[in-house]
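Participant: Mind having a look at this structure? Questions to follow.
The values are calculated or read from the model by the stated rules, or taken from the named source; none is laboratory data. What you are looking at is a predicted structure, and each value in this text was computed from that prediction instead of being measured. Ideal geometry is used to build each Cβ from the backbone, glycine not excepted, and the neighbour counts take in all protein chains shown. Surface accessibility is based on the protein's heavy atoms, side chains included, excluding ligands, DNA and RNA. Shrake-Rupley method; radii C 1.70, N 1.55, O 1.52, S 1.80 Å.
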Amino acid sequence: MRTFNIPTHYRSSLIGRLKAFRKVKDPKKKDLAPTLLDLGTVRFILARHFGFCYGVENAIEISYRALEDNPGKRIFLLSQMIHNPEVNEDLEGRGLRFIQDTHGQMLMDWDELKSDDIVIIPAFGTTLETEARLKALGIDPLKHNTTCPFVEKVWKRSAQLGESKHTVIIHGKAAHEETRATFSHTAMGSPAVIVKDMAETEELERIITGEIPLERFAELFGTHCTPGFDPAKDLQRIGVVNQTTMLATETQAIADHLKQVMLKKYGEAELNKHFADTRDTLCYATNDNQDATLELLKQEADLALVVGGYNSSNTSHIVELLERQFPTYFINGDKELLRSGEIEHFIYPAHKLKRTADWLPTKRPVTIVLTSGASCPDTLLDRVMLKVLDFVEGATDAETAVSALVENGPPQ
């Protein structure tokens, strides 16, 4: 896999060295066991996989190159390039402007754009309608296109399903940029409907099996399906794709569930005519990060810190997994670790911030699981780790401990 030219201020002197060490020891990524960094009075358990993925690094490289190659030109980001405030704020500080917010609401008028402006498409991709609007303004939407290749892979698979006369079931969050983009591209060649979770999938099942009348479809999915969707006809042949940042296990469970629905309705002999196997749309990075998170659940720790943007879907799912085992705090970075002994963290289901006192146990050593989402720079984890060390007396110097681990390997 290719390497990318990432700005040095996103590169990590601590976490980065540990990642490089693990990569040399395990180039085929067969070992999902976490890394233990023992600093005496505090121990950090680091996931095998976390942080910038291929698609994010690709987007960052293209965006910063556009800045370097076009001095004096107006440069715009269609929306947040990735879901990380540190990265987006840095780009804004270099003069980039956002056209839309993360929900597609306009932050400026389209009429402000000129044909010689540069518009960068974010890693999530964008809708065909937005591409057409940019072209009408004389702006090539693909010249600075950072759409993740794995998102484009989903679009290609959706197109194949449309060519074979299948309806596409999209597992995703309807308001998310990636799902909006996937829906738009899919709708060009196929009926499509979005399901958020297994509960909505089971509602779709009841419509397919006739347990509830077809008329309920419009009530349940009318705002999340293609215009003119006919459940009587369009739910006879289906395939499942996903927003690549969803829980991979949940996407697979939804696909498996709908496969059984179609098996029950049409029988084994006719199944292949009515259900398409699409497991190949699951993103490798999402899978790797989530598999590594599941390995963290096997560890003994006092708490977990998950670092990432609060609107990051893949990060929220890591939090969701870790909460099964540990007191888990979802933070943007080191600024949320407050000198007052409190932590400011995000409660994802409620979409609100909360302050918690006495979050750091007094027992020593204290063991902390530390990981991040796919759009989080490793430098943020360095800063979180060092901030924690400010609160714990008697800990070994982090640089010294990392050097010892890299040079000598973990203790036997």
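Participant: Which translational diffusion coefficient, to the nearest whole µm²/s, is obtained for region 106-149 from the Stokes-Einstein equation, given a Kirkwood hydrodynamic radius over C-alpha pairs, 37 °C and 0.692 mPa s?
Facilitator: Estimated via Stokes-Einstein, D reaches 304 µm²/s.
Participant: Per residue of region 375-380, in order, report the coupling 6.51 cos²θ - 1.76 cosθ + 1.60 (Karplus, θ = phi - 60°) as ³J(HN,Hα) in whole Hz, putting x for Gly and Pro.
Facilitator: Once rounded to whole Hz, the list reads 10, 9, x, 4, 4, 5.
Participant: Continuing with the same structure: What are the ³J(HN,Hα) values, in whole Hz, obtained from phi via the Karplus relation 6.51 cos²θ - 1.76 cosθ + 1.60 with θ = phi - 60°, for each residue of region 62-76 in sequence order, with x given for Gly and Pro?
Facilitator: Here the 3J(HN,Hα) series is 5, 5, 6, 5, 4, 5, 5, 7, 10, x, x, 8, 7, 10, 10 Hz.
Participant: Sticking with this one: With r defined as the distance between the Cβ atoms of M188 and R364 and R0 fixed at 51 Å, what FRET efficiency is calculated, to the nearest 0.05?
Facilitator: On the way: r = 59 Å, r/R0 = 1.16.
Efficiency at R0 = 51 Å is approximately 0.30.
Participant: Per 0.36 nm of contour for each residue apart, how much would the distance between K28 and Q260 grow if the chain were fully extended, relative to their Cα-Cα spacing? Could you put the intermediate results ahead of the total?
Facilitator: Details: separation 232, 0.36 × 232 = 83.52 nm, distance 3.40 nm.
Using 0.36 nm per residue and subtracting the Cα-Cα distance, I get 80.1 nm.
Participant: For region 90-216, state the average projected area of the convex hull of the C-alpha atoms over all orientations, rounded to one decimal in nm².
Facilitator: On the way: hull surface 39.7 nm².
Over all viewing directions, region 90-216 projects a mean Cα-hull area of 9.9 nm².
Participant: Continuing with the same structure: Give the label of the value calculated from the structure for mean projected area of the Cα convex hull in nm², choosing from [x] 22.4; [y] 20.7; [z] 19.6.
Facilitator: Checking each listed value against the structure points to [x].
Participant: I've got another one for you. Radius of gyration and Dmax for region 188-239's Cα atoms, expressed in Å?
Facilitator: That works out to 10.2, 30 Å for Rg and Dmax.
Participant: With the crude spin-label approximation of a point 7 Å out along Cα→Cβ, what separation in nm comes out for D101 versus Q160?
Facilitator: It is 3.8 nm.
Participant: Compute the relative contact order of region 256-387 as a whole-number percentage, counting only Cα pairs closer than 8 Å that sit 6 or more residues apart in sequence.
Facilitator: Details: 171 pairs, mean separation 33.8, N = 132.
Computed value for region 256-387: 26 percent relative contact order.
Participant: What does the highest-first list of 20-29, 261-270, 395-404, 237-246 look like by mean Cβ count within 10 Å? Please list the in-between numbers first.
Facilitator: Working: 20-29: 11.8, 261-270: 13.9, 395-404: 15.5, 237-246: 26.4.
Highest-to-lowest ranking by the protection proxy: 237-246, 395-404, 261-270, 20-29.
Participant: Over 29 Å between Cα atoms: which of K259/K354; K28/K335; K153/K298; K135/K156; K363/K387; K25/K352 fall into that group?
Facilitator: Values: K259/K354 41 Å; K28/K335 35 Å; K153/K298 33 Å; K135/K156 22 Å; K363/K387 18 Å; K25/K352 40 Å.
Long pairs (Cα-Cα over 29 Å): K259/K354; K28/K335; K153/K298; K25/K352.
Participant: A further question on this structure: Per 5 Å bin, what percent of the C-alpha pairs of region 31-95 does each bin hold, from zero upward?
Facilitator: Bins of 5 Å from zero give 3, 13, 20, 16, 11, 10, 10, 8, 6, 2, 0 percent of pairs.
Participant: So, one more: Which length gain, in nm to one decimal place, applies between Y284 and R74 when the Cα-Cα distance is subtracted from 0.36 nm times their residue separation? Display every interim value, and only then the final one.
Facilitator: On the way: separation 210, 0.36 × 210 = 75.60 nm, distance 3.49 nm.
Contour length minus Cα-Cα distance gives 72.1 nm.
Participant: How large is the accessible surface per residue of the chain, computed with a 1.4 Å probe and reported in Å² as a whole number?
Facilitator: Details: 18670 Å² over 412 residues.
Ligands and nucleic acids excluded, the result is 45 Å² per residue.
Participant: Take the Cβ-Cβ distance between R355 and D390 as r, set R0 to 25 Å, and report the resulting FRET efficiency rounded to the nearest 0.05. Please list the in-between numbers first.
Facilitator: Working: r = 18 Å, r/R0 = 0.74.
So, using R0 = 25 Å, E works out to roughly 0.85.
Participant: Which percent of the accessible heavy-atom area of the chain goes to carbon and sulfur, probe 1.4 angstrom? Please list the in-between numbers first.
Facilitator: Values: 9210 of 18670 Å².
Whole-percent figure for carbon plus sulfur exposure: 49.
Participant: Determine the distance separating the Cα centre of region 251-299 from the Cα centre of region 14-30; give it in Å without decimals.
Facilitator: Taking the Cα centre of region 14-30 as reference, the centre of region 251-299 is 29 Å away.
Participant: Could you check the simple spin-label distance between T400 and K273, using points 7 Å along Cα→Cβ, in nm with one decimal?
Facilitator: Going from the T400 label point to the K273 one covers 7.3 nm.
Participant: Once you have the Cα-Cα distance between E407 and L338, take 0.36 nm times their residue separation minus that, and quote the gain in nm to one decimal. Each step should come with its number before you reach the end.
Facilitator: Values: separation 69, 0.36 × 69 = 24.84 nm, distance 3.37 nm.
Here the answer is 21.5 nm.
Participant: For D197 paired with K135, estimate the spin-label separation in nm (one decimal), with each label point 7 Å from Cα along the Cα-to-Cβ line.
Facilitator: Taking the two extended label points, one gets 3.9 nm.
Participant: Would you grab the residues whose amide H sits under 5 Å from the one on N332? Only those 5+ places off in sequence or on another chain, please, with H modelled 1.01 Å from N.
Facilitator: G308
Participant: Between the helical axis of 398-408 and the dominant principal axis of the chain, each derived from Cα atoms, what acute angle in degrees is found, rounded to the nearest 10?
Facilitator: For helix 398-408, the angle is close to 80 degrees.
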